[in-house]
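J.: Before I ask anything, here is the structure I am working with.
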Amino acid sequence: MEIIRHDPPSLPCPRGRTAQITIKSFKGRKNVDVHLFRPAWDEGEDADWLWEELVEPGDEDAMAQTREVILETFTSEELEALVHYIAERYGERLTTIRTGALPFPLPPGIRALRSMPEGKDIGRIRLDQVPGYRLSFPVHGLYDLAQHEPMEIPGVQDPE
């Protein structure tokens, strides 16, 4: 497993750091990308953030959507704890852990991962509901199976 970091030294708010894992084999697909996020946060933690530095001006509803995107991301301390936990607990099942940051300011109208509907191909992994979870904050992961190749089964050929 490889850990690839693209972390800037500072951001205009405590949040904004992102994480993605790639699972070798998941639900009959190979190398499935899973975008990790916080599904909940403390009310008012963003009260003194300078939103004009974080979200470009626009429609109030669209700006509110983008604010949720920022609140779903991690602080540097959370990201470090998350990377350590994921690498230790799931490392042998992963090809990569990638970290990064949001490119501030964000345009209004970006949809939060927690608001994405689950369905046939799009799903959510609720890490905080797995027995033995030990981080102090909840983490979910969003994946889209339609974006990944099916596993090859020896002796079975695709119909042409």
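The values are calculated or read from the model by the stated rules, or taken from the named source; none is laboratory data. As the structure is a prediction and not an experimental result, all values here were calculated from the model. Here the Cβ positions follow ideal geometry from the backbone for every residue, glycine too, while neighbour counts run over all protein chains shown. These accessible areas exclude ligands, DNA and RNA; they are computed on the full protein's heavy atoms, side chains included. Shrake-Rupley method; radii C 1.70, N 1.55, O 1.52, S 1.80 Å.
J.: For region 30-47, state whether one or more residues are modelled with pLDDT of 95 or more, basic (Lys, Arg), over 24 Å from Pro8 (Cα atoms) and surrounded by fewer than 18 Cβ atoms within 10 Å (Cβ to Cβ).
T.: Scanning region 30-47, I find no residue that is modelled with pLDDT of 95 or more, basic (Lys, Arg), over 24 Å from Pro8 (Cα atoms) and surrounded by fewer than 18 Cβ atoms within 10 Å (Cβ to Cβ), so the answer is no.
J.: Something else: Check Glu56 against each of (1) surrounded by 18 or more Cβ atoms within 10 Å (Cβ to Cβ); (2) over 22 Å from Asp144 (Cβ atoms); (3) not small (Gly, Ala, Ser) and name the one condition it does not meet.
T.: Among (1) surrounded by 18 or more Cβ atoms within 10 Å (Cβ to Cβ); (2) over 22 Å from Asp144 (Cβ atoms); (3) not small (Gly, Ala, Ser), Glu56 violates only (1).
J.: Still on this structure: Sort out which residues of region 101-112 are open to solvent by 50 Å² or more (accessible area, probe 1.4 Å) and in contact (Cβ under 8 Å) with a residue 24 or more places away in the chain, and write them in order of number.
T.: Pro105, Pro107, Ile110, Arg111
J.: Just checking, does region 92-115 include any residue being closer than 23 Å to Pro131 by Cα and in contact with a His (Cβ under 8 Å, 6 or more places away or on another chain)?
T.: yes
J.: Also, quick follow-up: What's the total number of residues in region 113-159 that are of a type in the set (Asp, Glu), modelled with pLDDT of 90 or more and either over 24 Å from Val69 (Cα atoms) or in a loop (DSSP other than H, G, I, E, B) (or both)?
T.: Residues that pass the stated criteria total 2.
J.: Please tell me if Arg38 is in contact with a Phe, Trp or Tyr (Cβ under 9 Å, 6 or more places away or on another chain), of a type in the set (Lys, Arg) and under 19 Å from Tyr143 (Cα atoms).
T.: yes
J.: Can you tell me how many residues within region 64-100 are touching a Lys or Arg at 6+ places or on another chain (Cβ under 7 Å), among the small types (Gly, Ala, Ser) and exposed (fewer than 15 other Cβ atoms within 10 Å of the Cβ)?
T.: Final tally of qualifying residues: 0.
J.: Of everything in region 7-16, what is more than 20 Å from Ser115 (Cβ to Cβ) and either touching a Phe, Trp or Tyr at 6+ places or on another chain (Cβ under 8 Å) or modelled with pLDDT of 95 or more (or both)? Give them in sequence order.
T.: Residues satisfying the conditions are Leu11, Pro12, Cys13, Pro14.
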